[in-house]
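What follows is a set of notes on a single structure, which appears directly below.
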């Protein structure tokens, strides 16, 4: 009987160890054109990607998948290809092939195609992990495009946080954010947004596509063209976490 009990205890211990999430570790993988085998075959665009890579079990896999999807989207030029390219290797190959077509059609074109991305952990309080990406792309035309992106993760559920799951009072936070936006950009409280040079959908204030965290602040970041012209650059609102904690998911 004692032997059976001991075996059961050992089995429970082994299962518990297997289910225990390993602590996250991270490293940077550098991807450059000169290090890609496909660039040994001919012309290549400028590629410089510092890809953050996590280790530590299933949660790390979730993070790595989100990072890879962000980089895939960055490399895709034709929106119709978004659903057909499923790996970073495919995206890199497709980007190089598009560049070679471009150079064949416009051999004298200057400057070259270019993509660069750096990624980092911008916030981690043990409950919420935020990754930041500083990206630049040039696919021909008058100028390139620089942008910043955030991906947030719930360290309890091990899932990507959406805007809806990030907040417990989303509508209340929108009201606070609009007041800050109008104050920061010197707009009257009742001034029609459609007449101010900003292009919100149906002229109603909305949160940006990118919400991140850094230095104990929540950051709302509108990239160029999102709600204003390219010349306006990024529009950024910052809130101390103490100021917005009542609007956020309490588990974060």
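Quote the FRET efficiency, to the nearest 0.05, computed for residue 202 versus residue 43 with a Förster distance R0 of 41 Å and r equal to the Cβ-Cβ distance. E between residue 202 and residue 43, to the nearest 0.05, is 0.35.
For semi-axes √(5λ) of the Cα gyration tensor in Å, the candidate list reads (i) 36, 26, 15; (ii) 30, 20, 17; (iii) 37, 32, 13; the entry that matches the value derived from this model is (iii). Considering only 171, 114, 90, the mean-square fluctuation computed in a Gaussian network model of the chain, springs between alpha carbons under 10 angstrom, is largest for 171. When the Gaussian network model of the chain links Cα atoms closer than 10 Å, the mean-square fluctuations of 135, 78, 61 top out at 78. If the chain linking residue 90 and residue 170 were pulled fully straight, counting 0.36 nm for each residue of separation and taking away their Cα-Cα distance, it would gain 25.1 nm. Site pair residue 125 and residue 241 shows an inter-label distance of 0.3 nm when each label is modelled 7 Å from Cα along Cα→Cβ.
GNM on the chain, alpha-carbon springs under 10 angstrom: the most fluctuating residue among 95, 200, 133 is 200.
Rule-based calculations on the coordinates, nothing more; no lab input. Please read these numbers as outputs of a predicted model, since none were measured by experiment. Glycine gets a Cβ as well: all are built from the backbone with ideal geometry, and neighbour counts include every protein chain shown.
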